[in-house]
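The values are calculated or read from the model by the stated rules, or taken from the named source; none is laboratory data. Not measured: the values here are computed from a predicted model. Because the Cβ atoms are built from the backbone with ideal geometry, glycine has one as well, and the counts that use them run over all protein chains shown. In case anyone asks, the SASA skips ligands and DNA or RNA and just uses the protein heavy atoms, side chains included. Shrake-Rupley method; radii C 1.70, N 1.55, O 1.52, S 1.80 Å.
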Amino acid sequence: MQFLTHDLANEMVERTMKILNQNINVMNNEGVIIGSGESERINQIHDGALLVLQKGESVEIDSSKAREMKGAKPGINLPIRFSNQIVGVIGITGEPEDIQHYAQLVKMAAELVLEQSFLLERVQWKQRMQSEIVNQLISEEQVNEERTKERAAMLGINLEKPRTAFLLKPLNSDEMSNQTLTRLVQYEMENTDLVGITFNNDVVVLKETGAVLSKERYTILSKRLQKAAGNDVLIGWGQPAKNLNEIKLSFTQAKRAIQIGYKLRPALRYYDYEEFQLEILLFKLVQDQHEQQSFDFYEPLLDQGRKGELTDTLEAYFREGGELNKIAESLFIHRNTLRYRLDKIKELTGKDPRNVKDLIQLYMASLLHDIQ
């Protein structure tokens, strides 16, 4: 496996030369210079590095030895080790007695850069793997359960446990990338949770949960996520999925919770499918254009001369469950005024809010108007 790349070698050179006033060369495991402060030496064989690779230890070259070696310069060459094996060599140009006191520091810095690169690559690999698994589980295609469980097990994740799908959508995608949001989310998640970016660039969390959803628990979690993201994220979650095939349903519910919840209560920013389940079901019923026309009776309430007063009264009627005293108090009007307005709604729409069937139709019409 090739641990050292040209880009990584150049990073080692740049970092080290900012501190030291000496040239630095980085060689691969074949003794070829792949990074250097002297660009003309790139791709040349470094004899000092070949000696290090042969002996497995540091090699010092003074002026007299340098004259005996083709193209060599005085300096110290040290092995770069990773996972207990030599993967390359780093060389410091200069007389050995002048640079000995910081040679080991240069070696340690190079090995630290290599280790950080490896860890970053591992994190990126893990995130790619999680995203692939998430996309498989929420897609409409049939899931290969055994294969998906095996891949998740490689990440230490048990897909046998019930999971709830969370969907996170930045309000301003220009200011927050999905990669940034994913990192913020991961700080708030457990190691058993799957966090991925979908093919549609949504951030999805498949959170390990019990068979029964804890609304209080996930409301608190959503508030933490929003705070971490600067309150610029919409969050929706579905019902718990007891098996892998139910995860796509939980994800669809989370998506619909945001779609409907944000239009009805935009200030809330986090939406539980169960809380908006009735509105989601009703909206699905009236999505057809022909069905929408059957709610034209609601239009007279939206005329400029009556807009506000009657619709506000109707919304208060929905909110207070038809209790006249509470409705009148919330609107700061007398009960007789409330009765007059209800009669006016009946006159204009042909639907009496005091009749249960008519009230349902009025609610559906109001919902359709608010969501469109």
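Pick out the one residue from K255, K242, K263 that is in contact with a helix residue (DSSP H, G or I) (Cβ under 7 Å, 6 or more places away or on another chain), of a type in the set (D, E, K, R) and touching a residue at least 60 places away in the same chain (Cβ under 8 Å).
Working: K255 fails: in contact with a helix residue (DSSP H, G or I) (Cβ under 7 Å, 6 or more places away or on another chain); K242 fails: in contact with a helix residue (DSSP H, G or I) (Cβ under 7 Å, 6 or more places away or on another chain).
One residue alone meets the criteria, K263.
Somewhere in region 318-329, is a residue under 24 Å from L281 (Cα atoms), part of a helix (DSSP H, G or I) and open to solvent by 90 Å² or more (accessible area, probe 1.4 Å)?
Narrowing region 318-329 to residues under 24 Å from L281 (Cα atoms): 318-322.
Those still in the list that are part of a helix (DSSP H, G or I) too: 318-319.
Add one more test, that the residue is open to solvent by 90 Å² or more (accessible area, probe 1.4 Å), and what stays is 319.
Among the residues of region 318-329, at least one is under 24 Å from L281 (Cα atoms), part of a helix (DSSP H, G or I) and open to solvent by 90 Å² or more (accessible area, probe 1.4 Å), which makes the answer yes.
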By residue number, the members of region 136-157 that are open to solvent by 70 Å² or more (accessible area, probe 1.4 Å) and either in contact with a strand residue (DSSP E or B) (Cβ under 8 Å, 6 or more places away or on another chain) or among the charged types (D, E, K, R) (or both) are E140, E141, E146, R147, E150
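Which of the residues belonging to region 63-73 are in a helix (DSSP H, G or I) and either open to solvent by 70 Å² or more (accessible area, probe 1.4 Å) or of a type in the set (V, I, T) (or both)? Show your work before the answer.
Step one: list which residues in region 63-73 are in a helix (DSSP H, G or I), which gives 63-68.
The answer is K65, R67, E68.
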Report yes if some residue within region 221-235 is among the hydroxyl-bearing types (S, T, Y), out of contact with any helix residue (DSSP H, G or I) (no Cβ under 6 Å at 6 or more places or on another chain), within 26 Å of V134 (Cβ to Cβ) and open to solvent by 30 Å² or more (accessible area, probe 1.4 Å); otherwise report no. no
If I filter region 115-124 for residues that are at pLDDT 90 or above and crowded, with 17+ Cβ neighbours inside 10 Å, do I get at least one hit? no
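When you check M17 against the structure, is it open to solvent by 60 Å² or more (accessible area, probe 1.4 Å), in contact with a Gly (Cβ under 6 Å, 6 or more places away or on another chain) and modelled with pLDDT under 90, yes or no? Write out each step before concluding.
On the way: open to solvent by 60 Å² or more (accessible area, probe 1.4 Å): yes; in contact with a Gly (Cβ under 6 Å, 6 or more places away or on another chain): yes; modelled with pLDDT under 90: yes.
Taking the combined requirement at face value, the residue satisfies it.
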Residue under evaluation F283, criteria (1) at pLDDT below 85; (2) outside any helix (DSSP H, G or I); (3) closer than 30 Å to T219 by Cα, criterion not met: (2)
Regarding region 205-214, can at least one residue be identified that is within 26 Å of S177 (Cα to Cα), surrounded by 23 or more Cβ atoms within 10 Å (Cβ to Cβ), touching a Ser or Thr at 6+ places or on another chain (Cβ under 8 Å) and of a type outside the set (K, R)? yes
If we ask which residues in region 20-40 are crowded, with 16+ Cβ neighbours inside 10 Å and modelled with pLDDT under 90, their number turns out to be 2
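Would you confirm, using the coordinates I've provided, whether L50 is under 30 Å from T182 (Cβ atoms), free of Cβ contacts under 8 Å to residues at least 60 places away in the same chain and of a type outside the set (S, T, Y)? Show your work before the answer.
Details: under 30 Å from T182 (Cβ atoms): no; free of Cβ contacts under 8 Å to residues at least 60 places away in the same chain: yes; of a type outside the set (S, T, Y): yes.
For L50, the condition - under 30 Å from T182 (Cβ atoms), free of Cβ contacts under 8 Å to residues at least 60 places away in the same chain and of a type outside the set (S, T, Y) - is not met.
Can T180 be described as out of contact with any helix residue (DSSP H, G or I) (no Cβ under 9 Å at 6 or more places or on another chain) and open to solvent by less than 60 Å² (accessible area, probe 1.4 Å)? Give the steps one after another, and end with the answer.
Values: out of contact with any helix residue (DSSP H, G or I) (no Cβ under 9 Å at 6 or more places or on another chain): yes; open to solvent by less than 60 Å² (accessible area, probe 1.4 Å): yes.
Yes.
I'd like to know if region 224-233 contains one or more residues that are touching a Ser or Thr at 6+ places or on another chain (Cβ under 7 Å) and among the basic types (K, R).
Residues of region 224-233 that are touching a Ser or Thr at 6+ places or on another chain (Cβ under 7 Å), as a first pass: none.
No.
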Within region 348-372, how many residues are in a helix (DSSP H, G or I), at pLDDT 90 or above and open to solvent by 70 Å² or more (accessible area, probe 1.4 Å)? 2
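Using the structure shown, decide if T164 is in contact with a Pro (Cβ under 8 Å, 6 or more places away or on another chain), open to solvent by less than 10 Å² (accessible area, probe 1.4 Å), in contact (Cβ under 8 Å) with a residue 60 or more places away in the chain and not hydrophobic (A, V, I, L, M, F, W, C).
yes
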Scanning region 240-263 for residues that are in contact with a Leu (Cβ under 8 Å, 6 or more places away or on another chain) and either surrounded by fewer than 22 Cβ atoms within 10 Å (Cβ to Cβ) or not small (G, A, S) (or both) gives P240, L244, I247, K248, F251, K255, I258, Y262
If only one of I90, I76, I99 is farther than 22 Å from S117 by Cα and either open to solvent by 60 Å² or more (accessible area, probe 1.4 Å) or part of a strand (DSSP E or B) (or both), which one is it? I76
